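Report on the following structure.
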Amino acid sequence: YLPLIIVVIYSFNDSRLNAEWVGFTLNWYQVLFADEPMLTAARNTLIIGAITSVCATVLGTLAGLAMHRYKLRLLPVLVLTPIAIPEILMGLSLLVFFVTLNFTLGFVSITLAHIAFCVGFVAIVVRARLAGMDNALVEAARDLGATPQQAFRLVTLPLIMPGIVAGALMAFTLSIDDFVITYFTAGAGASTLPLQIYSMLKIAVTPEVNAISTLLMLLTLALIFIASKLAPGALRG
């Protein structure tokens with residue numbers, strides 16, 4: 001954690017260089033919120049993250065339900081493989097796929113790529129939540145006259161909702177933090193916070209970079225903390 005602590009401390013350093021501590025200042029956060037390219041990248045990141053979270057949550061929930069209900073050996077492999085393979089391979093394969101389809105790289109390609117690798121994470125959390133659910137509750141609802149749809153809507157869905165919300169938060173977190181896959185699938189003019197930070201690092205590690213890194217880190221940790229409280233067993237696994 002020491003490197004992360006240093007990033008946070010030096011975001012308040014009253015100097016353009018990170019060579020030594022000069023004094024305390026909030027100026028770099030003021031500079032950050034006046035940086036139009038950075039604000040644009042932040043807006044793009046949040047929009048892509050929100051869309052990714054919604055789509056991945058719907059698809060991941062369906063995948064988690066399918067893995068819980070149907071004991072097919074191939075299904076978990078298909079759902080969870082994007083999690084297991086290296087990100088650079090995932091990014092390269094998606095790039096080749098989009099180029100083969102003559103698909104223009106940009107915000108849509110980034111969003112589709114993020115959905116593709118976030119679905120598996122949501123599915124894991126939802127399936128873990130389903131594994132801990134008492135199926136006798138659903139059977140009791142059916143015995144009392146509920147249709148399968150009513151049993152799912154009134155019994156299963158409320159019980160797994162914490163897992164679904166946790167999966168959505170995980171998908172949003174993974175999306176806003178991703179660099180490797182985004183780097184491969186972003187076209188000209190498509191910028192996100194990780195890409196913007198990387199472009200700034202090519203020049204120098206200024207306190208402004210430390211400031212945006214600190215805010216991004218705090219947002220990520222907050223979302224993961226909330227998700228861990230909603231579905232602790234799933235995230236431990």
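Structure values in brief
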quantity: Lys/Arg +1, Asp/Glu -1 at C-beta; the chain dipole; positive extreme among 6, 96, 206; calculated: 96
quantity: Point-charge dipole on Cβ atoms (K/R +1, D/E -1) for segment 1-97, about Cα centre, debye to 20; calculated: 700
quantity: Extension gain from residue 199 to residue 85, taking 0.36 nm per residue of separation minus the Cα-Cα distance; calculated: 38.4 nm
quantity: At R0 = 22 Å, FRET efficiency that the Cβ-Cβ distance of residue 108 and residue 219 yields, to 0.05; calculated: 0.35
quantity: Solvent-accessible area per residue, Å², over segment 1-157 with all protein chains present [probe radius 1.4 Å]; calculated: 61
quantity: 31, 77, reordered so the largest accessible area comes first (probe 1.4 Å); calculated: 77, 31
quantity: Dimensions (Å) - segment 99-237, Cα atoms, principal axes, largest first; calculated: 67, 38, 20
quantity: Additional length obtainable on full extension of the chain from residue 146 to residue 96, 0.36 nm per residue less Cα span; calculated: 13.2 nm
quantity: Label-point gap, in nm, between residue 30 and residue 74 - each point 7 angstrom along Cα→Cβ; calculated: 6.3
quantity: Prolate/oblate/rounded call for segment 162-215, Cα gyration tensor, a/c under 1.5 rounded; calculated: oblate
quantity: Where labels lie 7 Å past Cα in the beta-carbon direction, separation of residue 50 and residue 135 in nm; calculated: 4.0
quantity: Among 60, 132, 163: highest mean-square fluctuation, GNM of the chain, C-alpha pairs under 10 Å; calculated: 132
quantity: Exposed-loop-free span, longest in the chain, where trypsin sites (Lys or Arg not before Pro) count as exposed if DSSP calls them loop and at most 10 other C-beta atoms lie within 10 Å; calculated: 74-201
quantity: Carbon and sulfur %, accessible surface of segment 78-234 computed with the full protein complex present, 1.4 Å; calculated: 71
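The values are calculated or read from the model by the stated rules, or taken from the named source; none is laboratory data. Please read these numbers as outputs of a predicted model, since none were measured by experiment. Positions of Cβ are generated from backbone atoms using ideal geometry, with glycine treated the same way; all protein chains shown enter the neighbour counts. Surface areas here come from the heavy atoms of the whole protein model, side chains and all, with no ligands, DNA or RNA. Shrake-Rupley method; radii C 1.70, N 1.55, O 1.52, S 1.80 Å.
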